[in-house]
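One structure is given here, and the rest of the page talks about it.
Laboratory data are not the source of any read-out in this text; all were calculated from the coordinates shown. Just so it is clear, the model here is predicted, and its values are computed rather than measured. Heads up, the Cβs are rebuilt from the backbone with ideal geometry, glycines too, and the neighbour counts pull from every protein chain shown.
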Amino acid sequence: MGAVCLPASASPSFKSGNELYITCKSDNDFAKGICTGYIIGAVDVLIAPIYGLSKNRLMIVHKARICLRDGVTVGQATDVVIRWLDDNPAQRDASASSLVELALASNGFKC
């Protein structure tokens, strides 16, 4: 079986930053809920360490990619991401999940 090549503009993700931005900036409450839910899901993955087996023992393979301080709210994290997307339109063609990480890491939530 041959290799599959994707055009450079194709993003190997479910949602691009442009799509997330449009959803987050919508006046529709349902769309805003989807925006918040997407960001919460991405954050949950980014703050969790990744475990793997080594010599039949469960060990941390990669540490969390972002760290949230005590008291950070869902609204605050969502605001940070939306503000970053507002301020960085040239980056919005990248995958939404990677931009959530970049937005939070560049705003004081890097471990």
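Each Lys and Arg adds +1 at its Cβ and each Asp and Glu adds -1 at its Cβ; summed about the Cα centre, the chain shows a dipole of about 560 debye.
Phi angles across region 46-51 convert, under the Karplus curve 6.51 cos²θ - 1.76 cosθ + 1.60 with θ = phi - 60°, into 3J(HN,Hα) values of 6, 8, 8, x, 9, 9 Hz, Gly and Pro given as x. So which trypsin sites (Lys or Arg not before Pro) in region 13-111 end up in coil per DSSP with only 14 or fewer other C-beta atoms within 10 Å? Answer in residue order: Lys25, Lys55, Lys63, Arg69, Lys110.
Couplings 3J(HN,Hα) of region 102-111, computed from phi: 4, 4, 6, 5, 7, 10, x, 10, 7, 6 Hz, in residue order, whole Hz [Karplus 6.51 cos²θ - 1.76 cosθ + 1.60, θ = phi - 60°; x for Gly and Pro].
Mean residue ellipticity at 222 nm, helices only, the chain: -14000 deg cm²/dmol; runs of at least 4 DSSP H residues each add -39,500 (n - 2.57), and the sum is divided by the number of residues. The calculated Kirkwood hydrodynamic radius for region 17-109 is 14.1 Å, given to one decimal from all distinct C-alpha pairs. Considering only Ala90, Ala31, Ala42, the Gaussian network model of the chain with Cα springs below 10 Å gives its largest mean-square fluctuation to Ala90.
Scanning residues 5 or more positions from Ser16 or on other chains, those with amide H under 5 Å from its amide H are Ala96, with H placed 1.01 Å from N in the peptide plane. 3J(HN,Hα) along region 28-36: 7, 4, 5, 4, 4, x, 5, 4, 4 Hz, from the Karplus curve 6.51 cos²θ - 1.76 cosθ + 1.60 with θ = phi - 60°, whole Hz, x for Gly and Pro. Positive end of the dipole of the chain (Cβ unit charges, origin at the Cα centre): among Val45, Leu85, Ser16, the Cα lying farthest that way belongs to Val45.
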